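Only one structure is covered here, and it is reproduced in the block below.
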Amino acid sequence: MSWYENAAIYQIYPRSFADGNGDGIGDLAGVRAHLKYLADLGVDALWFNPWYPSSGADGGYDVIDYRDIDPEYGTLAEAEKLIAEAAELGLRTIVDIVPNHVSHLHPWFVDDRRELFWFRDRPNNWVSEFGGSPWTQVEDGSWYLHLFTAEQPDLNWTHPAVRQEHEDVLRFWFDRGAAGVRIDSAVLPVKDPALPDLLDGEPHPFVDRDELHDIYRSWRQVADSYDEPRILVGELWLPDAARFARYLRPDELHTAFNLDFLACPWDATRLRESIDRTLAAHAPVDAPATWVLSNHDVTRVVTRYGRKDTSFSFEAKKVGLATDLELGTRRARAAALLACALPGAVYVYQGEELGLPEYEVPADAIRDPMHVRSGGVDPGRDGCRIPLPWSGGGPPYGFGATPTWLPQPAGWENLTVEAQDGTPGSMLTLYREVLRARREFRGGLRWLDADGGVLAFTRDSGPGCVVNLSDAPVAFDGEVVLASGPLEDGLLPVDTAAYIRNDL
Ligand code: TEU
Ligand code: CA
């Protein structure tokens, strides 16, 4: 079995993980100083959000130069050291590649290499992923396409130089020891070259185009050319499981983020359907499933699960943060046990292991272009991107100096690593336990009979997992290996999960 098939992968948002030089901005020195923390947590790999020089318009997803590190974060030499030091601790490194676009400050755009982008005399009717028109006019009156912000011009993937450059960038990082790449917005890069208006009933001019598969097949050849093969992880926002699975093939992507599971509400029937749908889509293509509870684009899980509507959608973000954090935390703890017991790989977004809630960043401090482009209607994604609390009783919580690049709230003194480290019952302690326990789980999943509102399953090996999403405590047979919360009179309480060993 290859490492990625059952790995636990920790997502690092470099700007907010740890600050090594005290300027309030996360950096590689900060990560290097905390590699032991990550190894002790029990993860197998680290995925870094973009760490390259960028125009800073979209959290680094506006890359100027893939062959260097943003000077705010450090140097290329430091990144190489980081990758090697992480490897010594058994941690693989995954870097982020953003094929849909580059920064408007990338040399190709600065040098006006128009053939590498999409320039037209007039805009079409497409809508930007962040709202509004995806077209911006330049001095001579022509317009260029950008599915995200104006600082992120879309690349023309019909041009051979675009393909060549990305394959070279893959080699650049694989040669430096990266174990894989995360492919950003992986269903968007190819456009119908006619750039027709988006019309009902017509093939989509820019989502999930067939030509993408040929591109990723050549990336796979690059990945497979290494002695220890490198992996390709796709960010595929595609609601249709069959379309999703078309990317996961022996000659294409290895895995993709399970955004269906991420968006799923805290509901036994819906979760079971999502899990079954996931396993059914992955089985025929023999690709490992992944289980994702959150990332840098979505509302933090304890906040989401404490709301009346526990599903995630970019629309629902706009209704505000009203939430019951105690309830949300209890469910997030149970969800950690669930995600870690399922067959496949699991992703942990930094701060998830601390049970951080979404922070309502004051409007004048928000940096996310999603907020700005919505005219301030959408709170944007900064609430899950603020600097991690490491220690102390108030901002900056051991993260460099105040002001940190995004503000942190008061009242997080019990959520710091320092406060949770070694504390029985803390979220950090639970994550360490659950990441250790999950190593016992192997093989296929078999559902067990259970009351309504209860999920119960076993694997070919390892204990069983029971999650109580009903409205009353439930009985179970066997010995509890690990529980997400205290039992009540020997029963598994509501919104609690347990790994249970028995003779079933
Ligand atoms: O996100 C891709 C993406 O389309 C969504 O996650 C996006 O946030 C949403 O659709 C907005 O409506 C990736 C990155 O994860 C995200 O941080 C970047 O902003 C985006 O690509 C552009 O590179
Ligand atoms: Ca710093």
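Expressed to the nearest 5 percent, the antiparallel share of DSSP beta bridges inside the chain is 50 percent. The residues Val434, Val454, when put in order of fewest to most other Cβ atoms within 10 Å, stand as Val454, Val434.
In terms of surrounding Cβ atoms within a 10 Å radius of their Cβ, Thr416, Thr290 rank from fewest to most as Thr416, Thr290. With a Cα cut-off of under 30 Å and a minimum spacing of 8 residues unless on different chains, the lysine pairs in the chain number 5.
Shape analysis of segment 444-501 places it in the oblate category; the axes a ≥ b ≥ c from the Cα gyration tensor give an a/c of at least 1.5, with a/b not above b/c. Each Lys and Arg contributes +1 and each Asp and Glu -1, all at the Cβ; summed about the Cα centre of segment 444-501, the dipole is approximately 300 debye.
Averaging sequence separations of C-alpha pairs under 8 Å and six or more residues apart, then dividing by the length of the chain, give the relative contact order as a whole percent.
Numbers: 1083 pairs, mean separation 65.1, N = 504.
Result for the chain is 13 percent.
Each residue of segment 10-16 was assigned a 3J(HN,Hα) from its phi angle through the Karplus curve 6.51 cos²θ - 1.76 cosθ + 1.60 (θ = phi - 60°); the sequence is 9, 8, 10, 9, x, 5, 10 Hz, with glycine and proline shown as x.
The distance linking segment 83-99 with segment 439-465 is 32 Å (Cα centroid to Cα centroid, whole angstrom). Pair-distance distribution P(r) for the chain, from all Cα-Cα distances in 10 Å bins starting at 0: 4, 19, 30, 28, 15, 4, 1, 0 percent.
A Cβ-based charge dipole, computed about the Cα centre of the chain with Lys and Arg at +1 and Asp and Glu at -1, lands at about 660 debye.
By how many degrees, 0 to 90 and rounded to 10, does the Cα axis of helix 268-282 deviate from the longest principal axis of the chain? Value to nearest ten degrees: 50. For the pair segment 359-374 and segment 1-36, the centres of their Cα atoms are 24 angstrom apart. In segment 86-216, the DSSP beta bridges split such that about 65 percent are antiparallel, to the nearest 5. Axis of helix 325-341 versus longest Cα principal axis of the chain: the two differ by about 90°, to the nearest ten degrees. In the chain, taking the dipole from charged Cβ atoms about the Cα centre, the farthest positive-side position among Asn468, Trp390, Ala339 is held by Asn468.
Only helices enter the 222 nm calculation for the chain: every DSSP H run of n ≥ 4 contributes -39,500 (n - 2.57), and dividing by all residues gives -7000 deg cm²/dmol, rounded to 500. Placing a label point 7 Å from the Cα of Asp449 along the Cα-to-Cβ direction, none of the residues of segment 256-278 has a backbone N under 13 Å of that point.
Sort Ser218, Ser103, Ser142, Ser274 so the one with the fewest other Cβ atoms within 10 Å of its own Cβ comes first.
Working: Ser218 16, Ser103 27, Ser142 13, Ser274 19.
If I rank by nearby Cβ atoms, fewest first, I get Ser142, Ser218, Ser274, Ser103.
For Gln221 and Ala194, the difference between the fully extended length at 0.36 nm per residue and the C-alpha to C-alpha distance is 6.8 nm.
Just so you know, all these numbers are worked out from the coordinates, no wet-lab data involved. Keep in mind that what you see is a predicted model, and the values were worked out from it rather than measured. Cβ sites come from the backbone with ideal geometry, for glycine too, and all protein chains shown count toward neighbours.
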